[in-house]
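Everything below concerns the one structure shown next.
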Amino acid sequence: MTTQTARTMTRGRTVTFAVAAGMAVGSLYLAQPLIEVIADSLAVPATTAAVLVTVTQVGYALGIFLLVPLGDVLNRRRLIPTVLGLSAVGLVGAALAPTFSVLLAALAALGLTTVSAQLLTPLASELAADDQRGKVVGTVASGALIGILLSRTVSGVVAELWGWRAIFAGAAAVIIALAFVLRAIIPELDARERVPYLRLLGSVFTTVTRYRAVGPTLLISAAVFAVFSMFWTALTYLLTAEPFGFSVAQIGLVGIAGLAGALAARRVGALSDRGWSVPASGAALALLLVSLVAAWASHTSILALLVVIVVFDVAAQGNLVLAQTRLLSLPGNARSRLNTAIVVSNFLGGALGSALAGRLWAVGGWDAVVLASCTLTLFALLVWAVSRRRLASTH
């Protein structure tokens, strides 16, 4: 392998990065379709067990802020396998947890350490050619999004066959294998200037204010991720209740419809390479709003819901990919810090969405969840409409 080849994003490297990103982020959502099962197993109310998803997301946002900026200063060939190994420890802890409190702590630790996807994405952006950056980032980012959806499906099926602990043990084994693979294929890059850790963390905020496009991009992306998380969390409640009464495995299989949407959204990053990032974001937000209205109108028909899920995921994930690609295409050497900013804001939005889903369901069921989701989507559309010039700015 030549030096030139070693420092580019080959097809094989892109696919491997996408798979690793999907496994890492997908680990955060393994518990989501298992809320009822875990609650019964550990003798806690289902509403209490729902906190598992929220705590994991908050831990993830904190881990992104504390660990991902290190990608701008440390050797990523060592850093990425290390954090993968730490997340495997959290997964093993979840598999062996004897009580709900221990499980909560293990999943919080998992959230804190399963940040490798957000180290891989800016690395992929750095290694990609200028005219391929949007496509490469879109593929890796979509791998992470596909991992979220597949994790629900696989988690439900595995839990049905071997119990809920098996999925955490299996995920730990795969994560460890990926750590060794990435150690072998991530190239050695030139050393970067050392920055004191606290100053590095502080520079995340100065990096956000340096570019005009960052602020509105963060607001839009966080709102969309809140809607995404709220929708999928509430969907578990909807499919468990009448008229569906689905089992854990059946709920997990519904994630396949979302996977189809994620695969369609995979190519959205290429629109950034053509200069269409901003109008494509507006179109995706409009499509998201339409899909939510359709979700409200079709909530008693599983066939209609499956179609809505595909459209919903194309719109939501397309917007998330466009936002991330927009930031990682900005000039400079702060890609990991920009990625830190967008992922932290996304998962704080996601944690809010998960927390609201349970409360809104208790108050007003599916109607309340959809109304709140539409409100957040309209807010994102408003930000997009008044900030189009800033979103297109490269300085």
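Here is how the numbers come out for the structure above:
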item: With every protein chain in place, the range 307-356: carbon and sulfur % of accessible area (1.4 Å); result: 72 percent
item: Potential lengthening between THR209 and LEU66 on full extension [0.36 nm per residue; Cα-Cα distance subtracted]; result: 49.6 nm
item: Accessible area of the range 41-92 divided out per residue, in Å², using a probe of 1.4 angstrom; result: 35 Å²
item: Within the range 166-210, backbone nitrogen closer than 20 Å to the virtual label 7 Å beyond the Cα of VAL89 toward Cβ; result: 168-183
item: Inter-probe distance in nm under a simple model that places probes 7 Å from Cα toward Cβ, at LEU161 and ALA392; result: 5.2 nm
item: Carbon + sulfur, % of accessible area of the range 199-240 - ligands and nucleic acids excluded, 1.4 Å; result: 69 percent
item: Mean Cα-pair separation over length for the chain, i.e. relative contact order, pairs under 8 Å, 6 or more apart, %; result: 26 percent
item: Dimensionless Rg/Rh of the range 1-71 - Kirkwood Rh, Rg from C-alpha atoms; result: 1.21
item: Contour excess over end-to-end distance, with Cα ends at THR8 and ALA286 and 0.36 nm allotted per residue; result: 96.5 nm
item: Relative pair counts by distance (%), Cα atoms of the range 267-371, 10 Å bins; result: 14, 34, 34, 15, 3
item: Helix runs (DSSP H) in the chain reaching 24 Å along axis by Cα, Kyte-Doolittle at least 1.0; result: 76-96, 133-162, 164-185, 214-240, 248-265, 277-297, 302-328, 335-386
item: Solvent exposure of the range 101-172 as accessible area per residue, Å², 1.4 Å probe; result: 29 Å²
item: The range 309-395 - accessible surface per residue (Å², probe 1.4 Å); result: 38 Å²
item: Carbon and sulfur %, accessible surface of the range 1-91 computed with the full protein complex present, 1.4 Å; result: 64 percent
item: For the range 168-300: rounded, prolate or oblate by the Cα gyration tensor [a/c cutoff 1.5]; result: oblate
item: Dipole magnitude (debye, nearest 20) for the range 118-273, charges at Cβ of Lys, Arg, Asp, Glu; result: 260 debye
item: Segment ARG267-PHE180, extension gain: residue separation times 0.36 nm, minus the distance between their alpha carbons; result: 28.5 nm
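The values are calculated or read from the model by the stated rules, or taken from the named source; none is laboratory data. Model, not experiment: these values are computed from the prediction. Quick reminder, even Gly has a Cβ in these numbers, built from the backbone with ideal geometry, and neighbours come from all protein chains shown. The protein model used for the area step is the full one, side chains on, heavy atoms only, and it has no ligands, DNA or RNA in it. Shrake-Rupley method; radii C 1.70, N 1.55, O 1.52, S 1.80 Å.
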